[in-house]
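Here's the structure we're looking at; comments come further down.
The values are calculated or read from the model by the stated rules, or taken from the named source; none is laboratory data. Note that the structure is predicted; figures quoted are calculated from it, not measured. Positions of Cβ are backbone-derived with ideal geometry, glycine not excepted, and every protein chain shown enters the neighbour counts.
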Amino acid sequence: MSAAAPGQFPADRGAEVAFAGRSNAGKSSAINSILGRQGLARTSKTPGRTRLINFFELAPLERIVDLPGYGYASAPESERRTWPRLIEALRAREALKGLFVIVDARRGIGPGDEALLKWALPRQRVHVLLSKADKLSRNEGREALAAAARALESRATVQLFSAHARAGLEEAQSVLTGWLRSKEKTPVASDETTGAD
C-alpha cells in the first residue's frame, strides 16, 4: 500500500525494514534485486520518482518500506511539506527493525546520508549499500568501501552492492532476512565492513 499520511500506514505489528537513499542512487533497483521481484519498486531515470511511502508485504507480518528519495526537489512543495511528518511517524513504529541506506559508491557518504543516519540512530540498525559498484574497478571498490567505513565509524554496517551485476546480493538478503525475523529492535553496535567482488 502507498501512504500519504500516517493514518494510512498498515497496523504497527510484525517487522518492517525501510529502504532510503539519495534520488538516483539505485534504491528501486536494489529493492527489486534483493527481493528477486523485478518491477516491484518502479525504477526510473528521472530522480525523485518515489513520492509516497510505499509498504510491500513480503510475508504475513513482514514488510519493506520504500521511502522517497532525498536530495532532489522536483516534487510539488505541498508534497515535500508532508514528508517530514511521514518520516517521523515511521520512526516511531515498533515494527521498524532497521534501515537500508542506498549510496552511490562513486559519490560516497554525503550530507543527505549523514542526516538520514542521525534520523535513524540510535533506535534502528542501519546497513549501507554502496550501489553501482560494478561501475568501479576492484581497487576503486576497495577504496570506496574503506572510505565509507571511515565515514560511518561504528554507526552502521556497509558493503559493496550492484543490482546490475548481482554483486553483494546474498549478503544484503541475509541482513534483510535477519532483521525481519529478529524479535527485538536493537541499536547498531558493530563496525563490521564487508565487500563484494
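Figures for the structure shown
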| quantity | calculated |
| --- | --- |
| LEU58 being among the hydrophobic types (A, V, I, L, M, F, W, C), more than 20 Å from ARG123 (Cβ to Cβ) and either at pLDDT 95 or above or outside any loop (DSSP other than H, G, I, E, B) (or both) | yes |
| Qualifying residue in the range 62-70 (condition: part of a strand (DSSP E or B), hydrophobic (A, V, I, L, M, F, W, C), closer than 18 Å to ASP104 by Cβ and at pLDDT 90 or above) | no |
| Checklist (1) modelled with pLDDT of 90 or more; (2) surrounded by 16 or more Cβ atoms within 10 Å (Cβ to Cβ); (3) of a type in the set (Lys, Arg); (4) over 13 Å from the mean Cα position of the chain (by Cα) applied to ARG13, failing item | (2) |
| Cross-chain or 6+ apart pairs with Cβ under 6 Å, the range 1-21 first and polar (S, T, N, Q), then modelled with pLDDT of 90 or more and not in a helix (DSSP H, G or I) | SER2/ASN54 |
| Residue, modelled with the highest pLDDT, within the range 106-147, restricted to residues that are polar (S, T, N, Q) and either surrounded by 22 or more Cβ atoms within 10 Å (Cβ to Cβ) or within 13 Å of the chain's Cα centre (by Cα) (or both) | SER131 |
| Residue within the range 36-47 that is buried (at least 16 other Cβ atoms within 10 Å of the Cβ), of a type outside the set (Asp, Glu) and at pLDDT 85 or above present | no |
| Any helices (runs of 4 or more DSSP H) falling wholly within the range 90-192 and containing at least 1 residues that are aromatic (Phe, Trp, Tyr) | 111-120, 169-180 |
